[in-house]
Amino acid sequence: MCDLNAGLRALISVSSTKAVHDALLAIMKDDYAFLKSHFSVQSVKTQAKAQPVEAAEPTPAAPEDEETATGLPKIRPDMKIRIVKKAQPEPQPEPQPEPQPEPQAEPQPPPQPLATVYDSKDLKKWQKEQEQKKHAELLAAGKKPEDLLTADNLRKWIVDEKRTYAYVAREYIGLPEAQVSVAAKKHGIKSTITKKRAIPSSTKPRS
């Protein structure tokens, strides 16, 4: 081992490390090529003796014969292949629904004639009956009609809803119309509607 190192050192001193390295690689390359070719030949001979002789493969058909047998042209490297897409059928327009005839407006019935006009005596009687009816309903519900005569309630009914004193008396309070009027004036609330009762219908008059 010492002699090998000494010999390498002597070679390196004479030439250079690179030169010695390149020379070793060249020698190894030549040895590898020889050994590879030698053992490859020996391996082929061994396999040939061990394996049976295979039947000869059929000779591939000549280009002309292949094209004739398949009926298709042989594809060559220099050939250009063009792919033709089938034209897609144009979508058919969807059928539009037929316009439906607009429903005809039903004929309006002729206006009904005005109800029978009552005289003032009948109106007063009917007003008093409605007030008493409302008064009884409130008492049955546990409410005191006088407690409903507040400024907020009177302003809501008379100013906001534009009701008459008579309407408030028979529909909300169940007290006489005069009492409703006095309570409204006490709170500075005045009706904007002319103080008169509207013509009553056959069932119920309206203010």
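The values are calculated or read from the model by the stated rules, or taken from the named source; none is laboratory data. Quick caveat, the model's predicted, so the values are computed rather than measured. Glycine also receives a Cβ, built like all others from the backbone with ideal geometry; neighbour counts cover every protein chain displayed.
Can you tell me how many residues within region 127-155 are in a loop (DSSP other than H, G, I, E, B) and on the phi < 0 side of the Ramachandran plot?
Residues in region 127-155 being in a loop (DSSP other than H, G, I, E, B) and on the phi < 0 side of the Ramachandran plot: 5 in total.
Considering only region 165-207, how many residues are in the same structural domain as residue 134 (by TED's automatic domain parsing) and either modelled with pLDDT under 80 or of a type in the set (Ser, Thr, Tyr) (or both)?
Of the residues in region 165-207, 4 are in the same structural domain as residue 134 (by TED's automatic domain parsing) and either modelled with pLDDT under 80 or of a type in the set (Ser, Thr, Tyr) (or both).
Could you grab me the full set of residues in region 156-185 that are in a loop (DSSP other than H, G, I, E, B) and touching a residue at least 12 places away in the same chain (Cβ under 8 Å)?
162, 163, 164, 174, 175, 176
How many residues, within region 157-181, are surrounded by fewer than 15 Cβ atoms within 10 Å (Cβ to Cβ) and more than 17 Å from residue 128 (Cβ to Cβ)?
4
List pairs: first residue in region 132-155 and under 9 Å from residue 175 (Cβ atoms), second residue in a helix (DSSP H, G or I) and among the aliphatic types (A, V, I, L, M) anywhere in the structure, Cβ distance under 6 angstrom, at least six positions apart or on different chains.
Listed pairs, sorted by first residue: 145/138; 145/173; 148/173; 149/183.
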